[in-house]
Amino acid sequence: MRCNKDCTGEVRYDYTELDKALEDYGGTEGSLIAVLQKAQEIYGYLPREAIEHIAGALKLKTAKVYGVATFYAQFRFEPVGRYLIMLCMGTACHVNGAKTIEEAVFDELGISNGETTQDGLFTLSNVACLGCCSLSPVMMINGETFGTLTRDKVKTVLDGIRNVGAVN
C-alpha cells in the first residue's frame, strides 16, 4: 500500500501513480470505473481519501464517485489480506458443497465471509460465481483457481500458502 502516517498518526497517501492514471484516463468520458480500478490496484482497496482525490481531479462530486464505486461489487472500501480468497457460492458450487468448504476455511483460518485474519494474510470473500462450474466447489486465491475442493484440499492449499507463500 502506498501510504504512510505522519507525526500526528494521520495516514497520508502517495498519489503519484493515481495521478498518472488520472492523466491517462481523465480526459476520457466514462473513465471513472477505469480510474477506480487503478486506484484499487494501487492501494488494495478504495480509501476515502483516494475517492475524494479522484472526485476533485475529475471535477465530480464525491457522492457521485462513491455512488459508482458502491454500485459495483468489485470495489472494496476496507483493506484486504495479502491473499484474497474468493469462494464461489454459485448454484453448482452450492450443490457440490460450498458451505462445507466455507466451514473448512473458517476452521483453518478462523474467519468468515468479509473478514481478514489478524495477521493480515488472508481475507475471505464469498462471491456469486467464478465461472468454473465444472470444478465445483471452487475458490480462487489471488487469481489462482483451486477446484474440486474437499476439506483436506482446503487445508493443504492454505497450509502451503502459510508455509511457503505458494500463491502469487
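Key figures
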quantity: Cα-based Lys proximity count in the chain, under 22 Å, for pairs eight or more positions apart or on separate chains; calculated: 9
quantity: Residues Ser112, Ser134 arranged by fewest to most Cβ contacts within 10 Å; calculated: Ser134, Ser112
quantity: Mean residue ellipticity (222 nm) of the chain, computed from DSSP H runs ≥ 4 via -39,500 (n - 2.57), nearest 500; calculated: -13000 deg cm²/dmol
quantity: Convex hull volume per residue in cubic angstrom - Cα atoms of the chain; calculated: 136
quantity: Fewest-first sequence of Val138, Val80 by Cβ atoms within 10 Å of each Cβ; calculated: Val80, Val138
quantity: Sorted by Cβ density within 10 Å, fewest first, the residues Arg151, Arg48; calculated: Arg48, Arg151
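None of the figures in this text is laboratory data; all of them are computed from the coordinates on show. Just so it is clear, the model here is predicted, and its values are computed rather than measured. When we count neighbours, we look across all protein chains shown, and the Cβ atoms used for this are built from the backbone with ideal geometry, even at glycine.
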